[in-house]
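What follows is one structure encoded as structure tokens, with my remarks underneath.
The values are calculated or read from the model by the stated rules, or taken from the named source; none is laboratory data. Keep in mind that what you see is a predicted model, and the values were worked out from it rather than measured. Glycine gets a Cβ as well: all are built from the backbone with ideal geometry, and neighbour counts include every protein chain shown.
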Amino acid sequence: MDKENQAYLAEAIATFALVFIGAGAVLANELSNGQIGLVGIALAYGLVLMCMVYATSHISGAHVNPAVTLGFWVTEKISSFKAIAYIVAQLIGALFAGFLLRVLFVNVSPELYLGTPVLGAGITFLGGIVVEAVLTFFLVFTIFGVIDKRAPPGIYGAAIGLVLTFDVLAGGVLTGAAMNPARAFGPAFAAGFWHNQLVYWIGPIIGGIIAAVVYNSFLSNKNGGKK
């Protein structure tokens, strides 16, 4: 398999893992009568992303998220064709995860919609977009920071996993803290549940693009940062 197709496959597998483990932890929490809890769900998210980053960053760059890919695209770090191919691969991986969750978690409440993120009590559509944008800003800002050649070597996977963890701890009760259109799309498609789905596209894309532009424009080495 050539390098381009390896990259697309890596993105599909890594996104499959993120969605399956992330949404699966939400479903497993109900089956365990809440024993996993928000902390356990956050750790599941963070640990799976950390592992997938270390496993695939040398193959595809480990975007694992359309919002990340669009951040790289808008800062001209990836071509338009490759960005589209990455996003398609990510959504395919998310779809496989969603349908596998549907097959395996047959005893959970249908009101969980296979772990599809939903807005918390009192959170409006616009409020959800703001929350998702802020959380995704932290994620993409961290990604751009740790791939900077000036960053300490070897920490990138752990840092990216940890930012996902603290984002879920802070925002999980507000929006489900998807920070990733694919994370919301896969379970939603398998469950046939599209309520407020646009929140999980608009918010992460806005937050990811802003983070990418801010870091690339003002903090990258090309703008006079310390070498």
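Brief remarks follow.
- Extreme residue, farthest from P181 (Cα to Cα), among residues of segment 75-87 that are crowded, with 17+ Cβ neighbours inside 10 Å and among the hydrophobic types (A, V, I, L, M, F, W, C): I78
Residue-by-condition table, conditions (1) touching a residue at least 12 places away in the same chain (Cβ under 8 Å); (2) within 25 Å of T56 (Cα to Cα); (3) in contact with a Pro (Cβ under 8 Å, 6 or more places away or on another chain):
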residue: S79; (1), (2), (3): no, yes, no
residue: A83; (1), (2), (3): yes, yes, no
residue: L91; (1), (2), (3): yes, yes, yes
residue: G98; (1), (2), (3): yes, yes, yes
residue: V103; (1), (2), (3): no, no, no
residue: V108; (1), (2), (3): yes, no, no
residue: Y113; (1), (2), (3): yes, no, yes
residue: V118; (1), (2), (3): yes, no, no
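- Check on W201, part of a loop (DSSP other than H, G, I, E, B) and either out of contact with any Leu (no Cβ under 8 Å at 6 or more places or on another chain) or free of Cβ contacts under 8 Å to residues at least 60 places away in the same chain (or both): no
- Options A158, A190; residue that is in a helix (DSSP H, G or I) and touching a Leu at 6+ places or on another chain (Cβ under 6 Å): A190
- Failed item in (1) surrounded by 11 or more Cβ atoms within 10 Å (Cβ to Cβ); (2) at pLDDT 95 or above; (3) farther than 18 Å from D167 by Cβ; (4) not β-branched (V, I, T), with S220 passing the rest: (2)
- Matching entry among L38, L100 (being touching a Gly at 6+ places or on another chain (Cβ under 6 Å) and either outside any helix (DSSP H, G or I) or farther than 18 Å from I160 by Cβ (or both)): L38
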